[in-house]
Every structure is written in structure tokens, then in C-alpha cells.
Amino acid sequence: MDQQLHQSAAYDYRPYDRLWQRVAPGLEPYPAAAVEQAVPASSQAELSADQTKEEENEGQLPGAVPDPCCMGSDAEDMLDVLTGFIEEELENCRNYRMMAQQGPMAARQRLRDLAAEEAGHARRLMAVYYLITGGCYRPHVMLCQQMRSGNWCQLLRQCYHAQVCSGLNYARAAEGTTDHCLAQILSEFSADHYRQADVLMTLLEQAMRQC
């Protein structure tokens, strides 16, 4: 009698359990303890390994990937470069505003436009910073200094070289990141700075006619 009870306890209920799950998914026909006793230790280890593998695979699904395709860890490697660009854009914006206030009347509107573009670049880069880190970037507060009265052509020359250097640096940064979205933005800004350099060259040509 004891032997028959032992054989019954060791019976594998899994086929019947699967049948009951198809017929009535909400019904638990066998106690969990009985099922665990019925399943051999080796089978329990296999089931546990399969469950762990399924959990790992779930973490690899596109919707569950913790690192996004854009503005993720690849872009995070560029944070120091991005913050440097932000500060540079803000500084350029301040300089162009001062130049628009004190420069020749004919050049003031174009300088105000350049200042607005630089401010727009800074805002977009700060949005990129937030996408990557989840935190807001706090720019350094710098007091605007009075533009030195001097040779207007020399000042335009300095601004021109600063813009083409920025265009080159943005292009290099775009090539240096594997983040596709960030690379597109940096390439766009590179083109913007070369175009702004052309505006400065036009202003320089006009100023040199009066020399």
C-alpha cells in the first residue's frame, strides 16, 4: 500500500496539467507542491534555465532595450564636446549682439541674425544634452564685456576665422560619433557655421570699400 502511494506521488502530472491549461486556463487542478514533487530535479533545473533564458531574451526585445538607438550611450561619449559647443555658441551670440549695437548701421541686422542663429544652436544643443542625460545643462554665466573700439575690419576677420574653425570642429565631431541622430545635427551645424562665415566675409568686403 505504501509503495503504491509512493508511485502515485512520483507520477508526472505535467501532460495532464497542460491539458487542463488548454481546457480551463484559470483552473489549477494540482497543487504546486505536488507538481514540484512530481517533476524530477533534473527537469526542474531545465525549466529554471529555460525561464532565465526567456527573461534575458525579453530584455533584448526592441521595446525593452534600456539604451535607445539615438542619443544613448554612443552620444554620451560626446558630452564634453557638446558642452563646449554650447558655451561657444552662447559666447558667439553675446559677441554678435554687442557688434550689432556698436557696429556700422548697414551691418547691424545681419549681425542680429547671426546672434539669433547662435542662440538657436545653443538651445538645440541643450535639448540634445537633456535627451542624453535626462538633466538640464546649466551654462556658465559670463558678463558681457564692452566691444573694444578699433579696426572694424580686424574684428570681422577674427569672427570669420572663429566661424570657419567652428564649422571644421562640428564636422570632425560628426565624424567622431557613431550616434546617427547626433551626427546629423553636428553636420547641419557645421554647414551653418560655414554659411555664417560667408556672411562675415560679405560684411568685410563692404567694410573694406570704405577703408
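Do we find a residue being crowded, with 16+ Cβ neighbours inside 10 Å, within 19 Å of L82 (Cβ to Cβ) and not hydroxyl-bearing (S, T, Y) anywhere in the stretch 194-211? Scanning the stretch 194-211, I find no residue that is crowded, with 16+ Cβ neighbours inside 10 Å, within 19 Å of L82 (Cβ to Cβ) and not hydroxyl-bearing (S, T, Y), so the answer is no. Among the residues of the stretch 151-163, none qualifies, meaning not one is closer than 24 Å to I86 by Cβ and touching an Asp or Glu at 6+ places or on another chain (Cβ under 8 Å). Would the stretch 183-206 turn up any residue that is assigned to a loop (DSSP other than H, G, I, E, B) and within 16 Å of the chain's Cα centre (by Cα)? Looking for residues that are assigned to a loop (DSSP other than H, G, I, E, B) and within 16 Å of the chain's Cα centre (by Cα), one finds none in the stretch 183-206, hence no.
Could you tell me whether A127 is under 17 Å from Y170 (Cβ atoms) and in a helix (DSSP H, G or I)? For A127, the condition - under 17 Å from Y170 (Cβ atoms) and in a helix (DSSP H, G or I) - is met. Residues in the stretch 169-182 that are part of a helix (DSSP H, G or I) and either of a type in the set (F, W, Y) or surrounded by fewer than 20 Cβ atoms within 10 Å (Cβ to Cβ) (or both): N169, Y170, A171, R172, A174, E175, H180, C181.
Looking at the stretch 100-112, can you tell me whether even one residue there is modelled with pLDDT of 95 or more and in contact with a Phe, Trp or Tyr (Cβ under 7 Å, 6 or more places away or on another chain)? Within the stretch 100-112, one or more residues are modelled with pLDDT of 95 or more and in contact with a Phe, Trp or Tyr (Cβ under 7 Å, 6 or more places away or on another chain).
Taking each residue of the stretch 159-181 that is of a type in the set (F, W, Y) and looking for partners that are surrounded by fewer than 17 Cβ atoms within 10 Å (Cβ to Cβ) and at pLDDT 95 or above with beta-carbon atoms closer than 7 Å, six or more apart or interchain, yields Y160/M201. Scan the stretch 130-161 for residues that are β-branched (V, I, T) and either modelled with pLDDT under 90 or not in a helix (DSSP H, G or I) (or both) and the total you get is 1. Of a type in the set (G, A, S), part of a loop (DSSP other than H, G, I, E, B), touching a helix residue (DSSP H, G or I) at 6+ places or on another chain (Cβ under 9 Å) and under 20 Å from M71 (Cα atoms): is that true of G120 in this structure? Spelling it out, it is not the case that G120 is of a type in the set (G, A, S), part of a loop (DSSP other than H, G, I, E, B), touching a helix residue (DSSP H, G or I) at 6+ places or on another chain (Cβ under 9 Å) and under 20 Å from M71 (Cα atoms).
Reported count of residues in the stretch 77-92, each being of a type outside the set (D, E, K, R) and surrounded by 19 or more Cβ atoms within 10 Å (Cβ to Cβ), is 6.
The values are calculated or read from the model by the stated rules, or taken from the named source; none is laboratory data. Predicted model only: the values in this text are computed from it and were never measured. Don't worry about glycine lacking a Cβ; one is built from the backbone with ideal geometry, like all the others, and counts go over all protein chains shown.
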